[in-house]
Number of protein chains: 2
Amino acid sequence: MNQTLVIIAHPDVQNSGVQQFLMESSQNLGGVTNYILTEEAIDIKKEQARFKEYKRIIFQFPMYWYSSPFILKKWLDEVFQDTKTTALLRGKELGLVVSMGVSETSFEAGKSEGFTLSEIFRPFEAFAKKNQMTYLPIFSVSLFSYLTEYKKKELLINYQQYLTKVNNDSFKEKEAWFVKQLEKMTETSNEDLSGILNVLEDNRDELDDLMTLVHEMREE
Amino acid sequence: MNQTLVIIAHPDVQNSGVQQFLMESSQNLGGVTNYILTEEAIDIKKEQARFKEYKRIIFQFPMYWYSSPFILKKWLDEVFQDTKTTALLRGKELGLVVSMGVSETSFEAGKSEGFTLSEIFRPFEAFAKKNQMTYLPIFSVSLFSYLTEYKKKELLINYQQYLTKVNNDSFKEKEAWFVKQLEKMTETSNEDLSGILNVLEDNRDELDDLMTLVHEMREE
């Protein structure tokens, strides 16, 4: 089932390390569609029909001057210029995946940027509110090219969860998401993962360690 | 002397009642330059050189999805893509003139829009902060086509002040601005305005009434 539509706004996706990483991360998830915005003329009817089958809409972009690159705004201005468009989005979720060339801590009060990410992206929150969508917490990726391999693995798991997990921060939901991912892997792989499933069900405390384990098994 | 550069971002300035009104309002002020953004290719060097002679930069646009139309963002993304551009803007003032199809009170806490204009335009405030500019209070124009003639006269005076008055809300500054405007009119008109100047200097309390008088004399 289609679940999540990721709308990517970047002037050069092919040469963006972070965008390539994110697109690869979602490739085998199932239910996730990436859609890269271009400068070509927009077929408004076609774009408006695009959302129908998805529950979660993600705007994914690098932060340019405290907002998205203009191409996303152009697309929003054109596709949703009519106020009757609320029906297209009502009840869906809206998430932002924002990559940045500065540290997230720069956005704390008293730090160099001066405003929090929550404040800076209010226009998107207001867009979600106006269209009766549920606004998800912002998913930010700071200084991607400096991340260690371990941090990248963490990012991969967190990003996959952001795209497909039930919007609920409870530990139980996170666990359920892992169990589902493992079951999917059991179906499609020759490895016997039932042992892991048992452990997971028996011992919630060990989940954090398994995050790493899951990823390493995938790489084999 | 050049003083204020008004950068106008609107998809159809010619047919916008509010943009035409604002452009006419600034026509005889002196020191104000209107610059209408178009979708033509941007000559970055030329655009970067544009600011040099101005003290105050105004972004003037209708609010589309809680921000400017995309064309302003496109221009910002391209002209200021280099972080070395701060030198072009440092020490200048940045103001926003925003027209809206809803009432300003909709933006109060608990009202329909949910967020204040100050919050919604944080990205521009952050832009000003990053470039070491002074951010001016937002100048908003609500429901222009429903304004009475009297309200339009008020808007004209307030807008003229926003473009050229010293950034200081004191009564004395407002008065000084009026005296200067009147003096300018005395020089260029056949009417004897010295009586008005005397009244103004003698009696600050009557300034509000004079705002209307000034405008009516201009129309004669």
Legend entry - Amide H contacts under 5 Å for B:Ser140, placed H, 5+ residues apart: B:Val98
Legend entry - Along principal axes, Cα extents of the stretch A:83-166, largest first, whole Å: 45, 31, 17
Legend entry - Distances in nm from B:Ser112 to the matching label points in the other copies, shortest first (labels 7 Å along Cα to Cβ): 4.2
Inset, instruction - May I ask you to report, in nm to one decimal and beginning with the shortest, the distances from A:Tyr35 to the same position in the other copies, taking label points 7 Å along Cα-to-Cβ? - result: 3.5
Legend entry - Backbone HN-Hα couplings from phi across the stretch A:64-70 [Karplus 6.51/-1.76/1.60, Hz, Gly and Pro as x]: 10, 6, 6, 7, 7, x, 4
Inset, instruction - Restrict the search to the stretch B:65-129; then list the GluC sites (Glu not before Pro) that DSSP places in a loop and that have at most 14 other Cβ atoms within 10 Å of their Cβ. - result: B:Glu108
Inset, instruction - Using the 2.2 N^0.38 Å rule of thumb for compact globular proteins, work out how the stretch A:4-167 stacks up: its C-alpha Rg over that value, please. - result: 1.02
Inset, instruction - List the residues whose amide H sits under 5 Å from the amide H of A:Leu94, counting only those 5 or more places along or on another chain, with H placed 1.01 Å from N in the peptide plane. - result: A:Ile57, A:Thr134, A:Tyr135, A:Leu136
Inset, instruction - Give the cross-link partners of A:Lys45 among the lysines, using a straight C-alpha distance below 30 Å as the criterion and excluding same-chain residues fewer than 8 apart. - result: A:Lys55, A:Lys73, A:Lys74, A:Lys84, A:Lys92, A:Lys129, A:Lys130, A:Lys165, B:Lys73, B:Lys74
Legend entry - Karplus-derived HN-Hα couplings along the stretch A:7-12 (A = 6.51, B = -1.76, C = 1.60, θ = phi - 60°), whole Hz, x at Gly and Pro: 9, 9, 10, 8, x, 8
Legend entry - Long-range HN-HN contacts of B:Ile36 with modeled amide H, under 5 Å: B:Ile8
Inset, instruction - Could you let me know the centre-to-centre spacing of the stretch A:123-181 and the stretch A:37-86, using Cα atoms, in angstrom? - result: 20 Å
Inset, instruction - Tell me the distances, shortest first, between A:Asp82 and the same position across the other copies, using label points 7 Å along Cα→Cβ, in nm to one decimal. - result: 4.4
Legend entry - ³J(HN,Hα) computed for each position of the stretch A:180-185 - Karplus, 6.51 cos²θ - 1.76 cosθ + 1.60, integer Hz, glycine/proline x: 5, 5, 5, 4, 4, 5
Inset, instruction - Report the charge-dipole magnitude of the stretch A:30-162 in Debye, nearest 20, computed about the Cα centre from +1 at each Lys and Arg Cβ and -1 at each Asp and Glu Cβ. - result: 460 debye
Legend entry - Residues A:Val97, B:Val214, A:Val179, sorted so that the one with the fewest Cβ neighbours within 10 Å comes first: A:Val179, B:Val214, A:Val97
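Each reported figure results from applying straightforward, stated rules to the coordinates on display, with no laboratory input. This one's a predicted model, so the numbers in the text were calculated from it and none came from an experiment. Note that each Cβ is placed from the backbone with ideal geometry, even for glycine, and that neighbours are counted across all protein chains shown.
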